[in-house]
Structure formats: structure tokens, C-alpha cells
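The values are calculated or read from the model by the stated rules, or taken from the named source; none is laboratory data. Owing to the predicted nature of the structure, the values given are computational and were not obtained by experimental measurement. Please note: Cβ atoms are built from the backbone with ideal geometry, for glycine as well, and neighbour counts cover all protein chains shown. Ligands, DNA and RNA are stripped out before the accessible areas are found, and what is left, the full protein with its side chains, is counted by its heavy atoms. Shrake-Rupley method; radii C 1.70, N 1.55, O 1.52, S 1.80 Å.
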Amino acid sequence: MGKFKKKLVRVISVLSAACLTFGFAIGSLEDAKERVKAEESFISKTNGKIKTNQENFYDDSVVYKLPDTVSNNDEISVIVEMNVESVMDRYNASSAKMTVSEFANGSTGKAIAAKVKRERKAMLRQLDNLGIDYQLGEQYDTIFGGFEITVKAKDFKKINDLYAGQATLMVGEVYEPAQTVVIDNDVEVYDTGIFDSSKSIYQGDGVVVAVLDTGLDYTHTAFSAQNFTTSDERFTLKSVSDKVSQTVASDFSAGLTGQDVYVSEKVPFAYDYADKDPDVLPINSDHGTHVAGIIAGKDDTITGVAPNAQLAIMKVFSDAQDGAKDSWILAALEDCVVLEVDVINMSLGSGCGFTREVDEENVNKIYDKIREAGISLITAAGNDYNATHGSEANGSNPLTTNPDSGVVGTPSTYAGSLSVASVDGVKTPYLKYGQDIIYFTEASTSDAKPKHFVDDVLKTVGEGVQSHD
């Protein structure tokens, strides 16, 4: 029971003493002793926990509370997780001697998916009957059973009341693409800045990496089948064709075949989950191509970390809208499980993430299932630098009384993912006056170009000044 019990017993003892002082007016000494004994017995039976009626005021069906900044007419993405058994739920409860993908494509998995589909239709009819205007988005049955709808914020409470006890509502995030630049580094890297893994025995043979990003320029020589020389192709046109009908992508594109999503031996699967078509060629950003090149690219200019790996390109950033919606990402993740990829790379996220914050609990469970399926989920830690950056109170530094300045982003903070960050190997410039070392931060021009303080000083006073960094 620990300190909590001792504290309660102490409080009860004080109260008991007060009662005893007043005891002969309200009852006997024996009565007071019996009350103390009853209180101690209650503490023992409840393991030191005092029960109240506060739980009556909690609504477990609401995962997100819309912030005050959201106006009634704002459109929001609502992911509805139905209280139904998903394919993976049945798989985990079974003793099946097969992979999740094989189970999902088997008779039992298909039957569970069909049941989820029937329940989904029934819940959508409820929305129709209530007269709520919505746009149906992604639909899920493998890692969880549910669907996504886009609605006006004013209807969120109505939907929550409608689905009370039937489902959990989650408000989808919209993730920004990570920004990347080539930097000089003193570690073992190629001239391109990519880590030199040529001495490693692991070159990606027999491994499929799913890249959830802005798409891929599959015409680039780094992804040419001519430069792909492995003899261990895990995904083939046939294996992809056998599974494509069970993917979320096939729900978006009627009649989708393996030939539609198969680009080459190097890129055996490609689909745009944001714009709902098999063309992953990016229009607005080459970030996905950049990331895929680092992972598995190979030509005369660049060599990726795992050049013999295959790539499953899952475009989750739209060519027509800003950002990547949670619902699109979850659709791609679901297909990662169905297709049975080995690794998922997500260079995206939003700052200040939590591991098990109440608002993120249900999303966390979905990501947990990715790990349970045996897939390595690699996610960017983020680019948000320091939570105290720009603070006037303490010179952009955290307080000693509150040193936590981390801004690692979601979903990399989830238990189901591995958070990966880059480190700039940049030496800090400083001036030396006698024995004193004075560190400084370079200023920037009005168009954000960094100035070079020491160079400017040398131009003014001559070469007699020594610079250090």
C-alpha cells in the first residue's frame, strides 16, 4: 500500500482523535474503534484507492476535444474506429501458423473483412438517417475496423452522440513533409552525404521498404531496374497481383490489378493514397524521391544505404491539397500489413508528440499493431529544434527548474515506432580573447542567408585576427 495508505491512516487517526474528544457526546469509545477498524479494512480491500463517482463524468467515446480555435464551419477529418473485430484481432486470438498477410488473404480473414464492411454500411446509414453532411474517405478492416469521414466541426458532437457505445472517434492530424538539405559531415559518408554502407554485409537483399511520403520520380536512374542487380526479389509481379485485391487501394480504384501498381523489379508496388490513383509521380515536392534515394537508390551518382532493397512507394501527400491526412496514412499502413512489407519509412510528423497521451491512445494502439505484425516502423523525430527557441526570458535556453525542451514529433514518439533524428556535425564558432572563449551565433540577412561574422571582421581589420570554430 506504500505511502498512500500511511498518509490515509494518519488522516483517519487525526479524525478519529477528534471524534474521541467529542466521543462521550456522540457514542462510546468502542464505537469509535469500530469506525477506525472499518476505515482501515476499506483501505486494505481497495489497495489504498478511494473510489469516487468522478468516472460518471467521463465520456470514453470521445478521444479528441476540438480546440477553441476550430470554428463550426471548419472541415475536419474524423476517423471512426468501430467496436468490431478486425482481421488482426482475429489473427492475434488464433493459433494460425501463418503470417498476418496470409491470414488476411485466407477465407477467415476475408470473412472478417466482409463482416466489418457490413457493420460499416450500417453505421453510415445512421449518419444518412441523421441528415449529417459528410464525405466518405478511407475504409479499414485489417489493423482495425473503421472508416474516415470529412465533416463540419459543428457536427462532431452529433456524430459522437450518435456513435456512443458503438465506436471511438479520432480527429485526424495533417502532417507536414520534412525538409531536407545536404550537409557536410565528418563521418563515413559518400560525397552525396549518404552513409557509406559498402563494407556492410547487409545491402537490402530480400527486403521491401515501404516509403510513405510525397511520391517517387520513378524515371530517375537511381531507381532503374538496370541498376537493380539483386537475385533475391521478395516482391514479384505475381505476389503483388495475388494480394492487391485485398488492399485499401483496390477499394479506391475499382478493378485495380497488380500490373497497375507494379512499376519494375525495383519498385514492385506504387499507389497514391492521397489522390486515389496508381500514379505516384510527385508534382509539388521531391522529398519522397530524396528519401527513397537515401534508402535504396543506385546509379553513377548516388548509392543508398540498402541499394539492393525493393521499394513500395505509398504516396500520402496530395498533389491538390496541403499536407498528409491521418486517414491516408492509416490506409497506407493497412496495406503495408496486407502486402507484408519488412520496413516502413515515414519522414513526416508534427512536433511535441506524446507516447501515451490520452488524446493519442487509440492511434497508439493502431501503430502498436504494426509492430505486432513484425514490421519495423521508422519515423522522423522532427525538425522543430527547441521548445524554448526565441524565448526572451532566458536567451532561448530552458530553465534549470524545467529542463525538458524536447520537441520530438508524433508519430515517432509512439511505442510502435522507432524515432530517428539526424545530427548536424557543425562546429560552433567562437572568439578567443586572452584565455577567454566567447561563443557566438551567426546572424542572418533579411532574406535568411547566414552572415559570416569573422570573415566580415577580417575584411575590416586585416589578417591579424585569428578565427576559431
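Note on Asp133: accessible area approximately 120 square angstrom, rounded to 10, probe 1.4 Å, nucleic acids and ligands left out.
On the range 92-223, 50 percent of the accessible area sits on carbon and sulfur atoms, based on a 1.4 Å probe. Ordering Val84, Val408 by accessible surface, largest first, gives Val408, Val84; the 1.4 Å probe counts only protein heavy atoms, with every chain in place.
Charged neighbours of Asp275, selected by a Cβ distance under 11 Å, balance to -2 (K, R count +1; D, E count -1).
Alpha-carbon geometry of the range 127-177: the Rg and the Dmax are 12.0, 38 Å, given in that order.
Sorting Val244, Val420 on solvent-accessible area from highest to lowest, probe radius 1.4 Å, gives Val420, Val244. The listed residues Val207, Val248, once ranked by accessible area (1.4 Å probe) with the largest placed first, stand as Val207, Val248.
Annotation: Leu281 carries an accessible surface of approximately 70 Å², with a 1.4 Å probe and no ligand, DNA or RNA atoms counted.
Give me Rg over Rh for the range 228-345, both radii from the alpha carbons and Rh done the Kirkwood way, two decimal places. Before the final figure, lay out each step's value.
Values: Rg = 13.9 Å, Rh = 14.6 Å.
Rounded to two decimals, Rg over Rh is 0.95.
Residue-wise HN-Hα couplings along the range 115-131, as the Karplus relation 6.51 cos²θ - 1.76 cosθ + 1.60 with θ = phi - 60° gives them from phi, are 5, 4, 4, 5, 5, 5, 4, 5, 6, 5, 5, 4, 5, 4, 5, 7, x Hz; Gly and Pro carry x. Residues of the range 138-180 with amide nitrogen under 17 Å from the 7 Å Cα-to-Cβ point of Glu361? Once the point is set 7 Å along Cα→Cβ of Glu361, 164-171 turn out to lie under 17 Å by backbone N, inside the range 138-180.
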